[in-house]
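Below you'll find the structure, written out as structure tokens, and then a few comments.
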Amino acid sequence: MYRRKSTLVLSILLIVALSACNLPEGSSDATATPDLALTLTALASSGGQPTASGPQETATPEFTATPILTATPSIPQVTVSTDTNCRTGPGVVYDNIGALFIGQVGTVVGKNSQTGYWIINNPGKTGTCWLFPQYATVTGNTANLQEYSIPPTPTPTATSTPTQTPTPSIPAPVNNPIMNMICIPIGPNYNHSGVLTWEDKSNNETGFNIYVNGGLVGTVPANTVIFNVPPIGPFAPGIASIFGVEAYNATGKATIKTVLRACP
């Protein structure tokens, strides 16, 4: 038994020796057999995953979109959401000299920071005007706009007051008529005559009508306060006559004021 084992060992050694003699000349370094223990250790330290010996793949960077920049207008512009008046200043006390309508684009040339109004070129006209800002949308750089001062409040144009024409009215009645009687004998009777006076209480009469016993005997112009009554009669003694004065104008006649006198 022991001899068989010895013979087997010797045979293996002989084979190894013959293999060594057949190695190529000039190769002094044998290819190293990988150390199994080191290989296992390396795999354990890398989490059990073999390390690739080739070039590593580089991750492709994600594409970041660059926003397209819209050029900012060098001259600010304005539009409105409703038709808007344009005045000579900030408020309704200033004259309305233009308007910016929906769909129109106005050019902004200035501003007033105190009121928020924009000063624009008057659309379709010459010069500038102040645009109410509530309905306005301005685009463009407004930082360098000229700052406008609020103009003086306009002085209202004086409107002449028409002279009131008095409404025509009937004149006031006269006052205190007095008859200075003159009795002219006609047989047993008398003609009545004399001077009639009164107080003028009106400033709009055209004249005065004079009556004796209801009949018109004369007319005198405005501001007259005396009338010479012609003889009327004859009348029996003690029979009184009625003397009356009536102011009048185009509107009408005042109440007749009367006085009674008799002869003798």
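Please find, within region 200-248, the residue that is farthest from LEU260 (Cα to Cα) out of those that are of a type in the set (Ser, Thr, Tyr) and in contact (Cβ under 8 Å) with a residue 40 or more places away in the chain. Show your work before the answer.
Taking region 200-248 first, the residues of a type in the set (Ser, Thr, Tyr) are 202, 206, 211, 219, 224, 241, 248.
Then drop every residue that is not in contact (Cβ under 8 Å) with a residue 40 or more places away in the chain, which leaves 202, 206, 211, 241, 248.
Working: SER202: 23, THR206: 25, TYR211: 12, SER241: 6, TYR248: 22 Å.
Restricting to residues being of a type in the set (Ser, Thr, Tyr) and in contact (Cβ under 8 Å) with a residue 40 or more places away in the chain, the top hit is THR206.
Restricting to region 157-172, name every residue that is surrounded by 10 or more Cβ atoms within 10 Å (Cβ to Cβ) and either among the hydrophobic types (A, V, I, L, M, F, W, C) or within 29 Å of VAL93 (Cβ to Cβ) (or both). Lay out the reasoning, then the answer.
Kept after step one, since they are surrounded by 10 or more Cβ atoms within 10 Å (Cβ to Cβ), are these residues of region 157-172: 168-172.
Result: ILE170, ALA172.
Residue-by-condition table, conditions (1) surrounded by 13 or more Cβ atoms within 10 Å (Cβ to Cβ); (2) over 60 Å from the mean Cα position of the chain (by Cα); (3) among the small types (Gly, Ala, Ser):
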residue	(1), (2), (3)
ASN175	no, yes, no
ASN191	yes, yes, no
ASN204	yes, no, no
GLY207	yes, no, yes
THR224	yes, yes, no
GLY233	yes, yes, yes
VAL245	yes, yes, no
ALA250	no, no, yes
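So which of SER193, SER149, SER160, SER113 is within 30 Å of THR251 (Cα to Cα) and either part of a loop (DSSP other than H, G, I, E, B) or in contact (Cβ under 8 Å) with a residue 24 or more places away in the chain (or both)?
On the way: SER193 fails: within 30 Å of THR251 (Cα to Cα); SER149 fails: within 30 Å of THR251 (Cα to Cα); SER113 fails: within 30 Å of THR251 (Cα to Cα).
Of the residues listed, the single one that is within 30 Å of THR251 (Cα to Cα) and either part of a loop (DSSP other than H, G, I, E, B) or in contact (Cβ under 8 Å) with a residue 24 or more places away in the chain (or both) is SER160.
Every residue, every condition in (1) over 23 Å from CYS183 (Cβ atoms); (2) polar (S, T, N, Q); (3) modelled with pLDDT of 95 or more; (4) part of a strand (DSSP E or B), yes or no:
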position: VAL220; (1), (2), (3), (4): yes, no, yes, yes
position: ASN228; (1), (2), (3), (4): no, yes, yes, yes
position: GLY233; (1), (2), (3), (4): no, no, no, yes
position: GLY238; (1), (2), (3), (4): no, no, no, no
position: PHE243; (1), (2), (3), (4): no, no, yes, yes
position: GLU246; (1), (2), (3), (4): yes, no, yes, yes
position: THR255; (1), (2), (3), (4): yes, yes, yes, no
position: VAL259; (1), (2), (3), (4): no, no, yes, yes
position: PRO264; (1), (2), (3), (4): no, no, no, no
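The values are calculated or read from the model by the stated rules, or taken from the named source; none is laboratory data. Because the structure is a prediction, the values reported are computed rather than measured. Positions of Cβ are backbone-derived with ideal geometry, glycine not excepted, and every protein chain shown enters the neighbour counts.
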